[in-house]
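The next block holds one structure in the form of structure tokens; read it before the comments.
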Amino acid sequence: MDAPEPVPDAGAGPALVDPLPAPVHAVLRRAVLEHAGTERRRRFPTLVHLGTPGGPVALHPVRADEPTDHTLRTDVLAAMLAGQLRRRPAPHPPPLVWLTRVGDLEPQDVDLAWLASARAAYGEAGVPLTFVVVDRHGWRDPRSGLSRRWVRLRPQSQGSQFRDGQSRGS
């Protein structure tokens, strides 16, 4: 069976599709691992992260009592992206955007609102976009529906690439 073609995304990069390149898988796994290791509360604020898991990351809290519109979200992400691009040398991959929030990984309004703004900000900058929603057990790309879940996520030692109990979603 042939691998599915990437889904075009208005100049901001394709959605994630199988098979994922190993470096992309590792970066997204690290985002899940960091979230699971740092956020212990049952209820916590939604956060927009922009950067590289394990590296420099800009954060923006999403507060329900501070309504935003598409333009304001785009401006916030554009400023975060510009700051990240100034810090990283040219050959590095572009920073990714991930949203951490309470609940399962099925698309919610907040995911789609920030995705639309991320597409606009990255499109204006001419940078390919990787956008996922992260919880304690996995991640999901709301554009393609591609996801990964782990039963027990643990830090990996060198050479033990597939030690975790991993299950794949589509």
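We did not get these values from a lab; they are worked out from the coordinates using the rules stated. Model, not experiment: these values are computed from the prediction. Every residue, glycine as well, gets a Cβ built from its backbone with ideal geometry; the counts of neighbours run over all protein chains shown.
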Check: Extension gain Leu112-Ala26, at 0.36 nm per residue separation less the Cα-Cα distance, in nm?
Finding: 28.5 nm
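Percent antiparallel among DSSP beta bridges with both residues in segment 30-145, to the nearest 5?
Values: 13 of 17 bridges.
If I count the DSSP bridges inside segment 30-145, around 75 percent turn out antiparallel.
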Notebook entry, point to check: What nm distance separates the two modelled labels at Arg88 and Arg40, each placed 7 Å from Cα along Cα→Cβ?
Noted result: 3.1
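For an R0 of 25 angstrom, estimate the FRET efficiency from the Cβ-Cβ distance between Glu124 and Leu72 and round to the nearest 0.05.
On the way: r = 15 Å, r/R0 = 0.58.
Taking R0 as 25 Å, the efficiency between Glu124 and Leu72 is 0.95.
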